[in-house]
Amino acid sequence: MRLLACATAAALVMGAFAVPAEAATSAYGYAWADGEGRLRLIPQKASRVKGTKFHRLASTAGAKELRLGYAKAAYGRVTTACDLKETEGRVALDGNGLGRTRCTPSDLTATLAQGPVPVRVEYRGGTATRINEILLDEWPEPRTATGTIKRVNDTTVLFASGGKTVKLGYTYATSFLRTTARCGDGWLAGRPVNAGRNGLGKKPCGWTDLTKALKTVKYPVLAKIDYTPGAGALNQVWEVFGDA
């Protein structure tokens, strides 16, 4: 009896100090690369299109950006193989419309390098435990706008226009139209030899040129952009000469 009483007391003491496991939280949104083994996304409201396995995503006012590590996360793709860029007309979806081809975190890194990925992510704290791609019935329509852009890192900018600021990501698919003589020049360096009458750049350059040019300035610069709201994608940037 004495031993039983001691064991019971010890169990009660241990129970009093036990920390319950943190419950997993889920969110939907467009995932972007955020450094090695990390992603970022702004949670959005997700709904299933009736009678299909497609999803729709809608922005939620006040949603805060998540930044998550995924080095040990399970990753489910909608493609039938992990190394495919497109579905090629064949998809692998479970009954909830989530990608079910089992892939690795390195496969996710390769996918994120191509641009935003619509996903459902489960996470605990700052760590993603499971990530599943989803198929959208349609992507948001791109828009054009004029405002200022400021570099965040080599693949991200802050775009400000009309009193609002949004974070936009870019990849190798983003084009950069310059007013300068060379693609590698600093922002607005030299005479605007490639500016149109509207002051917009005409010289086609690439995304690494955009990164290099933005590194030459520490303040926001005037630009015209083509971007995809919701997905947070920067599709094209026009350098703007003067106040045009």
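Take region 42-54 and flag every residue that is closer than 16 Å to Gly232 by Cα and surrounded by 14 or more Cβ atoms within 10 Å (Cβ to Cβ).
Ile42, Pro43, Gln44
If only one of Leu93, Leu57 is crowded, with 16+ Cβ neighbours inside 10 Å and under 20 Å from Gly230 (Cβ atoms), which one is it?
Unique residue meeting the criteria: Leu57.
Scan region 183-228 for residues that are of a type in the set (D, E, K, R) and free of Cβ contacts under 8 Å to residues at least 12 places away in the same chain and jot them down.
Residues satisfying the conditions are Arg191, Arg197, Lys218.
Take the residues in region 60-73 that are farther than 21 Å from Trp139 by Cα and open to solvent by 40 Å² or more (accessible area, probe 1.4 Å), then tell me which one is farthest from the chain's Cα centre (by Cα).
Here the answer is Lys72.
Among the residues that make up region 27-41, is at least one of them at pLDDT 95 or above, of a type in the set (Ser, Thr, Tyr), surrounded by 11 or more Cβ atoms within 10 Å (Cβ to Cβ) and out of contact with any Leu (no Cβ under 7 Å at 6 or more places or on another chain)?
So far as region 27-41 goes, no, none of its residues is at pLDDT 95 or above, of a type in the set (Ser, Thr, Tyr), surrounded by 11 or more Cβ atoms within 10 Å (Cβ to Cβ) and out of contact with any Leu (no Cβ under 7 Å at 6 or more places or on another chain).
Would you call Ala81 part of a loop (DSSP other than H, G, I, E, B) and under 28 Å from Leu168 (Cβ atoms)? Working first, answer last.
Working: part of a loop (DSSP other than H, G, I, E, B): yes; under 28 Å from Leu168 (Cβ atoms): no.
Spelling it out, it is not the case that Ala81 is part of a loop (DSSP other than H, G, I, E, B) and under 28 Å from Leu168 (Cβ atoms).
For region 214-244, name all the residues that are among the hydroxyl-bearing types (Ser, Thr, Tyr) and crowded, with 16+ Cβ neighbours inside 10 Å.
Tyr227, Thr228
So, in region 175-213, how many residues would count as being of a type in the set (S, T, N, Q), in a strand (DSSP E or B) and surrounded by 20 or more Cβ atoms within 10 Å (Cβ to Cβ)? So that I can check it myself, show each step before the final result.
The initial filter retains those residues of region 175-213 that are of a type in the set (S, T, N, Q), namely 175, 179-180, 194, 198, 208, 211.
The next check asks that each one be in a strand (DSSP E or B); those that pass are 175.
Cutting the leftovers down to surrounded by 20 or more Cβ atoms within 10 Å (Cβ to Cβ) gives us none.
Qualifying residue count for the region: 0.
Here's the yes/no breakdown for (1) at positive phi; (2) small (Gly, Ala, Ser):
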residue	(1), (2)
Gly199	yes, yes
Lys203	no, no
Lys218	no, no
Ala223	no, yes
Val237	no, no
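Report yes if Glu88 is closer than 16 Å to Gly29 by Cα, part of a loop (DSSP other than H, G, I, E, B), open to solvent by 20 Å² or more (accessible area, probe 1.4 Å) and of a type in the set (Asp, Glu), otherwise no.
When the stated conditions are applied, Glu88 does not pass them.
The values are calculated or read from the model by the stated rules, or taken from the named source; none is laboratory data. No experiment lies behind these values; they were computed from the predicted model shown. Positions of Cβ are backbone-derived with ideal geometry, glycine not excepted, and every protein chain shown enters the neighbour counts. Please note that ligands, DNA and RNA were not included when accessible areas were found on the heavy atoms of the full protein model with its side chains. Shrake-Rupley method; radii C 1.70, N 1.55, O 1.52, S 1.80 Å.
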